1. Can you tell me which residue is nearest to ligand 1 (Cβ to nearest atom) among those in the stretch 290-325 that are assigned to a strand (DSSP E or B) and open to solvent by less than 10 Å² (accessible area, probe 1.4 Å)?
2. Those residues that are closer than 30 Å to Ser113 by Cα and either assigned to a loop (DSSP other than H, G, I, E, B) or open to solvent by 10 Å² or more (accessible area, probe 1.4 Å) (or both), I need them from the stretch 49-77; list them, please.
3. Looking for whichever is more than 25 Å from Asp207 (Cα to Cα) and out of contact with any Leu (no Cβ under 9 Å at 6 or more places or on another chain) here; the options are Glu53, Glu93, Glu119. Which one fits?
4. Consider the stretch 190-212. How many of its residues are over 19 Å from Lys151 (Cβ atoms) and away from ligand 1 (no atom under 16 Å from the Cβ)?
5. Among residues belonging to the stretch 254-265 that are within 14 Å of ligand 2 (Cβ to nearest atom) and without any contact (Cβ under 8 Å) to a residue 60 or more places away in the chain, point out the one that is farthest from Ala353 (Cα to Cα).
6. Go through the residues of the stretch 271-289 one by one and say whether even a single one is aromatic (Phe, Trp, Tyr) and surrounded by fewer than 24 Cβ atoms within 10 Å (Cβ to Cβ).
7. Could you say whether any residue in the stretch 187-208 is at pLDDT 95 or above, charged (D, E, K, R) and at positive phi?
8. Could you figure out which of (1) over 24 Å from Gly111 (Cα atoms); (2) touching a residue at least 24 places away in the same chain (Cβ under 8 Å) isn't true of Asp221?
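The values are calculated or read from the model by the stated rules, or taken from the named source; none is laboratory data. For clarity, every value in this text was computed on a predicted model and none was experimentally measured. Backbone-built Cβ (ideal geometry, glycine too); neighbour counts: all protein chains shown. Ligands, DNA and RNA are stripped out before the accessible areas are found, and what is left, the full protein with its side chains, is counted by its heavy atoms. Shrake-Rupley method; radii C 1.70, N 1.55, O 1.52, S 1.80 Å.
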Amino acid sequence: MRPTVITGIRLASMREDAAPYGLVEDAAVAMAEGMIVWAGTRSDMPDALRSAESVDFGGRLATPALIDCHTHLVFGGNRAREFEMRLTGASYEEVARAGGGIVATVSATRGMSEDALVEGALQRLDRLIGEGVATVEIKSGYGLTVDDELKMLRAARRLGQCRPVRVKTSYLAAHAVPPEYRGNADAYIDEVVLPGMEAAHAEGLVDAVDGFCEGIAFSTDQMRRVFDRARSLGLPVKLHAEQLSNLGGAKLAASCGALSADHLEYLDEAGVAAMAAAGTVAVLLPGAFYTLRETQLPPLAALRREGVPIAIATDCNPGSSPLASLLLTLNMACTLFRMTPEEALAGVTREAARALGLSAETGTVEAGKRAEIAVWDVEHPAELSYRIGFNPLHRRIMGEFE
Ligand code: DI6
Ligand code: FE
């Protein structure tokens with residue numbers, strides 16, 4: 001197939017070896033068969049590409065297409081009522097203990113068909129795609145029976161067929177203890193989480209295994225049992241850790257070679273060191289921090305000092321982060337966490353790809369990666385983080401350029 005070259009772009013390739021932003025003025029990117037075959041300064045372009053068909057973008061900014069590496073995009077109902085309760089004083093944990101919270105979404109999700117779940121999630125997925133997202137991770141975790149977890153994962157897989165987007169699934173049956181197992185988390189793991197994992201894996205529905213390690217959810221010992229089974233099936237693991245308290249979840253995750261540990265407001269030095277040693281990505285979720293009015297900041301200085309890769313994501317879910325905008329997430333990461341716009345953009349491109357085990361395929365604009373590029377009506381990449389409620393996407397390129 002003949003290559004196509006895009007020109008008239010300022011390129012923020014986000015290559016790690018080319019700070020800041022991997023910026024290239026007057027750049028060109030050549031693609032063929034869905035792959036980037038060459039990227040760089042236009043005047044350096046090999047002669048063979050000069051006669052290729054080219055499209056001029058009039059000086060716009062090109063970045064890697066965005067990656068939302070932590071979402072709960074598939075769910076039933078909404079939790080506006082709980083939002084009201086929290087505004088009159090109840091905490092997230094109190095709502096959860098009173099049978100609301102995650103469990104409320106579980107009953108709504110159990111009551112919905114796979115088709116209805118797909119339809120509901122498409123609304124949110126289309127918002128993300130409309131902001132240049134090409135890859136989205138989607139978790140189960142609101143079914144909490146074998147059949148309902150499978151239903152959620154099938155819905156997630158179907159989303160990737162309904163739209164030109166890459167979906168990576170995470171099996172999150174260890175998200176909450178359902179009411180029928182209240183006080184009996186170990187039995188829930190034995191009777192639902194582990195057999196459900198085997199069934200979902202056998203159907204090709206699982207790209208990674210996740211859990212929620214927290215006082216209102218599962219202990220590190222319980223998560224270790226879940227991770228041991230995941231690893232025996234050859235599945236990568238990740239964990240919601242240190243979101244509301246410090247149970248040492250990140251350390252456990254790192255010791256299991258986790259792709260990522262997510263949330264991390266209460267992460268301590270030992271957890272940071274364990275993640276650094278294991279190469280586990282820190283996925284920070286400013287939408288949940290904002291919604292829960294958390295005041296404990298994730299330990300950014302320590303993460304930076306130890307060289308832990310940092311990604312950010314929407315955590316789109318009906319309770320703690322009803323957020324379907326990755327651009328707003330960039331702004332929140334900068335304003336709330338004091339991340340730099342460059343770190344934030346890396347967090348939804350290169351580092352988000354790393355958090356999903358996709359570094360070889362996507363996350364930067366360079367030869368050998370998939371042709372997944374976002375073209376923006378902005379001059380400088382910091383503008384993507386700076387504005388609030390503004391979507392400057394001009395064009396999203398996903399594989400083939402038509
Ligand atoms: N932490 C979160 O922030 C989400 N899940 C989790 O483990 C919240 C899910 C919800 O409230 O529905
Ligand atoms: Fe989450």
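1. Ile312
2. If the condition is that a residue be closer than 30 Å to Ser113 by Cα and either assigned to a loop (DSSP other than H, G, I, E, B) or open to solvent by 10 Å² or more (accessible area, probe 1.4 Å) (or both), then Cys69, His70, Thr71, His72, Leu73, Val74, Phe75, Gly76, Gly77 are the ones that fit.
3. Unique residue meeting the criteria: Glu53.
4. Start the filter on the stretch 190-212 by keeping residues that are over 19 Å from Lys151 (Cβ atoms), which leaves 190, 211-212.
Narrowing further to those that are away from ligand 1 (no atom under 16 Å from the Cβ): 190.
Qualifying residue count for the region: 1.
5. Taking the candidates together, the pick is Glu265.
6. Checked against the condition, which is being aromatic (Phe, Trp, Tyr) and surrounded by fewer than 24 Cβ atoms within 10 Å (Cβ to Cβ), the stretch 271-289 yields no hits at all.
7. Scanning the stretch 187-208 turns up no residue that is at pLDDT 95 or above, charged (D, E, K, R) and at positive phi.
8. Of everything listed in (1) over 24 Å from Gly111 (Cα atoms); (2) touching a residue at least 24 places away in the same chain (Cβ under 8 Å), Asp221 misses just condition (2).
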